[in-house]
Amino acid sequence: MATIAVIGGGTMGGGIAQINAMRGFDTILYDVDDETVNRSLQKIQATIRKGVELGKTQPADADSALARLRGAARLADLAPADLSIEAVPEKLDLKRDLFAQLDTILKPHALLATNTSSLSVTALAAATRRPEKVLGLHFFNPPHLMALVEVVRGDSTSQATMDAGVAYTRAIGKTPVVCKDTPAFIVNRVARPFYGEALRLLGENAADVPTIDSLVKTLGFRMGPFELIDLIGLDVNFAVTQSTYNAFFHEPKYRPHPIQQKMVEAGLLGRKTKKGFYEYP
């Protein structure tokens, strides 16, 4: 694979694009308009330059990475890609429509990957004429720091596509974990009770947010559940929880909590809005 297209310039998409450019791939970052694309590229540039200032990145490596990265506000501009990685909001219809368009734009050999946290890779593949070339590549936040990538096999994903996904994941310096197309895959399925029980404790007034986070961190976790939700974004966390709950036909242990819905409706989304369970001046 020589050229990677990343669709979606948010926290996840921008981070994935940064990784690819730093690892030597020609990278195209797509979003809906030029202003959004430019904002995402500026954020990536600032992050890479920060690495230079901290002595973690050589100036020449930073310059080379930025030269390999370009933006696009038209899907047609992604035609040269050998692999596309979708990182748009967790809405099945939105993703299916995107995959159908990419299927007509990308070259026949190109692979289509989704960074979905919980939606069905098989359902997304069904929107294309190449379901055997569709897979999940689920990165974790922040992508440039987290080592794990879930490589997800849809019902129609070929072995050749899985092998390519694993090889690509290693080529960008990540640790691949192969899993089946089950609701929430591995990590997010394990993580739902981590968030859910913390929210239930808060809702029952068993303890406040800092106390629950502090107690959890004494067990060896680097972040407490509320700190982590703020980092991920309450809207993203709530969407994944809803998706998992529905996928398991309302299994009680995956049930969302009213606190999540109330905060999302109020626009208290965590770090990206400067206020969630904590404030971020």
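Comparing Thr161, Thr104, Thr218, which has the greatest mean-square fluctuation in the GNM of the chain with Cα pairs linked when under 10 Å apart?
For the chain, modelled as a Gaussian network with Cα springs under 10 Å, the answer is Thr218.
Hey, fewest Cβ within 10 Å first, where do Asp61, Asp31 land in order?
Ascending number of Cβ neighbours within 10 Å: Asp61, Asp31.
How large is log10 I(q)/I(0) at q = 0.10, 0.12, 0.13, 0.18 Å⁻¹ when the Debye formula is applied to the Cα atoms of the stretch 188-272, each weighted equally and without solvent?
Log-scaled intensity ratios, in q order: -0.22, -0.32, -0.38, -0.75.
Report the antiparallel proportion of the DSSP beta bridges in the chain as a percent, rounded to a multiple of 5.
20 percent
Amide H to amide H, which residues 5 or more places from Asp26 or on other chains are under 5 Å from it, using H placed in the peptide plane?
Sorted by chain and number, the residues that satisfy this are Ile4.
At 0.36 nm per residue, and after removing the present C-alpha to C-alpha distance, how many nm does the segment from Lys50 to Asn205 gain when stretched out fully?
Contour length minus Cα-Cα distance gives 51.7 nm.
Mind scanning Lys50/Lys174; Lys107/Lys180; Lys217/Lys275; Lys43/Lys275 and naming the pairs with a C-alpha gap bigger than 23 Å? Working shown, then result.
Working: Lys50/Lys174 21 Å; Lys107/Lys180 26 Å; Lys217/Lys275 21 Å; Lys43/Lys275 20 Å.
In this structure, Lys107/Lys180 lie more than 23 Å apart at Cα.
Let me make sure I get this right: for the chain, a, b and c are the square roots of the gyration tensor eigenvalues over alpha carbons, sorted descending. Under 1.5 in a/c it's rounded, otherwise prolate if a/b > b/c, else oblate. Which is it?
oblate
Just to check, using Stokes-Einstein with a Kirkwood Rh over alpha carbon pairs, what's the diffusion coefficient of the stretch 1-154 at 10 °C and 1.306 mPa s in µm²/s? Don't jump to the answer; show the numbers that get you there.
Working: Rh = 15.5 Å.
For the chosen part, D equals 103 µm²/s.
For the chain, what relative contact order do you get, as a whole percent, if you take Cα pairs closer than 8 Å and at least 6 residues apart?
Normalised by residue count, the contact order of the chain is 13 percent.
Kindly express, to the nearest 10 degrees and within the range 0 to 90, the angle between helix 34-53's C-alpha long axis and the longest C-alpha principal axis of the chain.
80 degrees
Could you work out how much longer the chain between Arg39 and Asp155 gets when fully extended? Use 0.36 nm per residue separation minus the Cα distance between them, nm to one decimal.
Stretched fully, the Arg39-Asp155 segment lengthens by 38.1 nm.
If you wrap the stretch 142-241's Cα atoms in a convex hull and average its projection over all directions, what's the area in nm²?
For the Cα atoms of the stretch 142-241, the hull's average projected area reads 7.4 nm².
Read the figures in this text as sums done on the coordinates, not as results from a lab. Remember, it's a predicted structure, so these values are computed and weren't measured experimentally. For neighbour counting, all protein chains shown are included, and Cβ atoms are generated from backbone atoms with ideal geometry for every residue, glycine included.
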